[in-house]
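The values are calculated or read from the model by the stated rules, or taken from the named source; none is laboratory data. Bear in mind that the values here come from a model prediction, so they are computed numbers and not experimental data. FYI the Cβ positions are ideal-geometry reconstructions off the backbone, even for glycines, and counts take in every protein chain you see.
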Amino acid sequence: MNSSLYIATTGLTAYQKKLDTISNNIANAETVGFKRREASFEENLAISIENQKAAQREIGRLTPNGIRAGFGVHMDGSKMILDQGIPKETNHPLDLMIAGEGYFQVGKQQGGTTETFYTRNGSFQKSPTNNGTYRLVNEEGYFLLDKNNRPVEIPNETELSVNEAGRVAATTQQIGLVNFTDPQKLINEGDNLYRFTGTGNQIFATTSSSIKQGYVESSNVDLSKEMSDMITTQRGFQFNSRSISFADQMMGISNGIIRS
């Protein structure tokens with residue numbers, strides 16, 4: 001009976017985590033450059049069941065020796081789905097969209113060093129400096145980096161103009177787009193920013209993608225699919241909840257028989 005309770009409980013926990021993943025996707029359906037995630041599951045370590053030695057007492061009730069029984073399930077993680085979002089034209093010169101694979105590099109000043117994060121969100125704003133230029137920053141104030149990991153800076157009197165290769169017309173800088181040998185090692189730090197947990201040699205400059213000025217990338221969340229997945233997941237959650245209730249009733253009956 002205890003195993004029935006445990007297995008159903010692992011199912012409840014796994015379904016709850018999947019619901020959390022779906023809810024996060026739905027909440028970010030309008031977030032620029034957001035990539036949806038899909039939950040994946042693994043079976044808990046199975047156990048091998050051996051028959052009792054007194055087989056003559058279990059005639060007609062024996063299972064094959066060594067049969068393996070599952071012992072519940074757990075959420076193995078959530079995979080980021082990298083499909084391109086639909087381009088959305090804004091006609092705003094500070095909006096940039098990556099057409100293809102890759103990520104913008106944005107920096108945050110931490111003491112005397114620059115901490116680098118990665119994002120698909122190309123919605124930027126002007127941030128003036130003390131030397132007659134302005135930087136491109138996101139909503140959190142992180143500044144856009146060029147291919148040499150330096151802040152992109154444009155003269156104050158100049159409007160931003162970027163070609164498809166990412167070259168800034170008023171300067172010699174080129175916006176640095178990078179990609180990863182394993183993008184699943186990107187950890188979401190919130191605010192649509194990612195930190196890479198792999199090694200430096202797994203990061204490389206991408207030349208197969210282009211930049212479109214005056215556009216942003218919509219999220220790749222399909223609300224109809226997310227709602228369908230939510231209904232299915234809620235139904236699975238309810239089934240596991242009922243399993244716990246039935247197992248509890250069976251334990252009550254067993255205890256009643258023992259006491260009598």
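The residue pairs whose first member lies in segment 124-135 and is of a type in the set (A, V, I, L, M, F, W, C), whose second member is assigned to a strand (DSSP E or B) and surrounded by 12 or more Cβ atoms within 10 Å (Cβ to Cβ), and whose beta carbons are closer than 8 Å, counting only pairs six or more residues apart or on different chains, are 124/95; 124/96; 124/136; 124/137; 124/144. If you take the residues in segment 233-253 that are surrounded by 14 or more Cβ atoms within 10 Å (Cβ to Cβ) and of a type in the set (Val, Ile, Thr), which one is nearest to the chain's Cα centre (by Cα)? The qualifying residue nearest to the chain's Cα centre (by Cα) is 233. Scan segment 60-80 for residues that are in contact with a helix residue (DSSP H, G or I) (Cβ under 9 Å, 6 or more places away or on another chain) and modelled with pLDDT of 60 or more and jot them down. Answer for segment 60-80, where residues must be in contact with a helix residue (DSSP H, G or I) (Cβ under 9 Å, 6 or more places away or on another chain) and modelled with pLDDT of 60 or more: 69, 70, 71, 72, 73, 74, 75, 77, 78, 79, 80.
Of everything listed in (1) assigned to a helix (DSSP H, G or I); (2) surrounded by fewer than 12 Cβ atoms within 10 Å (Cβ to Cβ); (3) at pLDDT 95 or above, the single unmet condition for residue 23 is (2). When residue 248 is tested against (1) among the charged types (D, E, K, R); (2) under 11 Å from residue 8 (Cβ atoms); (3) touching a helix residue (DSSP H, G or I) at 6+ places or on another chain (Cβ under 6 Å), exactly one condition is not met: (3). Is it true that residue 30 is modelled with pLDDT of 85 or more, over 22 Å from residue 248 (Cα atoms) and not assigned by TED's automatic domain parsing to the domain that holds residue 118? So residue 30 fits the description; yes.
Can you name the residue in segment 186-200 that is exposed (fewer than 15 other Cβ atoms within 10 Å of the Cβ) and touching a strand residue (DSSP E or B) at 6+ places or on another chain (Cβ under 8 Å) and is also farthest from residue 137 (Cα to Cα) among such residues? Give the derivation first.
Kept after step one, since they are exposed (fewer than 15 other Cβ atoms within 10 Å of the Cβ), are these residues of segment 186-200: 187, 189-191, 195, 197-200.
Retained after the next criterion (residues that are touching a strand residue (DSSP E or B) at 6+ places or on another chain (Cβ under 8 Å)): 187, 189, 195, 197-198.
Numbers: 187: 21, 189: 17, 195: 17, 197: 24, 198: 25 Å.
Ranking the qualifying residues of segment 186-200, first place goes to 198.
Residues in segment 94-125 that are aliphatic (A, V, I, L, M) and buried (at least 17 other Cβ atoms within 10 Å of the Cβ): 94, 96, 97, 98, 106. Taking into account only those residues within segment 203-244 that are in contact with a helix residue (DSSP H, G or I) (Cβ under 8 Å, 6 or more places away or on another chain) and among the small types (Gly, Ala, Ser), which is farthest from residue 25 (Cα to Cα)? Only one residue tops the list, namely 243.
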